[in-house]
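The values are calculated or read from the model by the stated rules, or taken from the named source; none is laboratory data. None of these values were measured; they are calculated from a predicted model. With ideal geometry, Cβ positions are generated from the backbone for all residues, glycine too; neighbour counts draw on all protein chains shown.
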Amino acid sequence: MGFLLQERSWLRVIEELQITTSLAIRIQGAERVAAWSSTLSKPATIKATSAAEFVPPRHELAILGKAVQDCRGCELYRGATQAVFGERLGDGKGSSRAAIMMIGEQPGDKEDLAGHPFVGPAGKLLAQCLSEAEIDPKQVYITNAVKHFKWEPRGKIRLHKKPSVTEMRACKPWLEAEMDAVKPKLIVCLGATAAQSLLGAQFRVSQSRGKLQQFGDLPPVIATVHPASILRARTEDDRHKQTADFIADLRYSKEFLRTI
Ligand code: URA
Ligand code: SF4
């Protein structure tokens, strides 16, 4: 008798487990969790804190660029129109490899709507400076440390908000997958967010800008300012000086590539 009861209670446990699992799968299906995700066996209530489980194993740009739209690795997807993945500048054609990988912070308002990185004012300034430094845009793959636009409402506009360290960390697997696909010879970090995402929170662009950094297994890295910070300069003189310094860092990057 005792044995029978025990057997029945085990059957119940198994039954309940099956119900929970199928419920979890249904909830997650509604959340469009990708098929390769290992989360299918986890309860839906556990929130992801990293993009890792959403990054497909094949690091091809076309595959990654599609998959990132389903990323739920942090909360930022909720307020954004779409994820903005990296792409090659120029006509975007040709091999996925590029000599230089440039990393910004996150898409802005214009990028969020267009679905392409650096299409707003900062991108226009960057294009002019690349041209001044005689860097062929086709040599450049451009992306961001964080793939979804973080903002807060300010009247009618969506005001850019800096991503947190947790969000930067959560999004890093996408950056790593891009590095693997693009195999750049040099990485140029535009601003502190990108530099700290790659080189650690202690890194100071103000102290180490324009200097070659060697860090772990990474390709050589040069950190410089973000073109958006040049656009915020208070005076015309400041803007000229900051633009010239930025172009000098880009020229140095180009020279470095010539030597390797
Ligand atoms: N600023 C960034 O850091 N990235 C963009 O894509 C646009 C502006
Ligand atoms: Fe995923 Fe990055 Fe978007 Fe967060 S910001 S949801 S980690 S792609």
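Things to note:
- Meets criteria (assigned to a loop (DSSP other than H, G, I, E, B) and modelled with pLDDT under 50) for residue 10: no
- Test: residue 86 is touching a strand residue (DSSP E or B) at 6+ places or on another chain (Cβ under 6 Å) and either within 16 Å of ligand 2 (Cβ to nearest atom) or modelled with pLDDT under 95 (or both): yes
- Pick from segment 198-219, criterion touching a residue at least 24 places away in the same chain (Cβ under 8 Å) and small (Gly, Ala, Ser), ranking: surrounded by the most Cβ atoms within 10 Å (Cβ to Cβ): 210
- Whichever residue in segment 220-257 is among the aliphatic types (A, V, I, L, M) and free of Cβ contacts under 8 Å to residues at least 12 places away in the same chain and, among such residues, is surrounded by the most Cβ atoms within 10 Å (Cβ to Cβ): 233
- Looking only at segment 140-175, and only at residues there that are assigned to a helix (DSSP H, G or I) and without any contact (Cβ under 8 Å) to a residue 60 or more places away in the chain, the one that is farthest from residue 58 (Cα to Cα): 165
- Residue 198 in a strand (DSSP E or B) and away from ligand 2 (no atom under 14 Å from the Cβ): no
- Subset of segment 205-260 [farther than 15 Å from residue 103 by Cα, hydrophobic (A, V, I, L, M, F, W, C), out of contact with any Pro (no Cβ under 8 Å at 6 or more places or on another chain) and part of a helix (DSSP H, G or I)]: 230, 244, 247, 248, 257
- Counting the residues of segment 92-109 that are surrounded by fewer than 17 Cβ atoms within 10 Å (Cβ to Cβ) and modelled with pLDDT of 95 or more gives 1.
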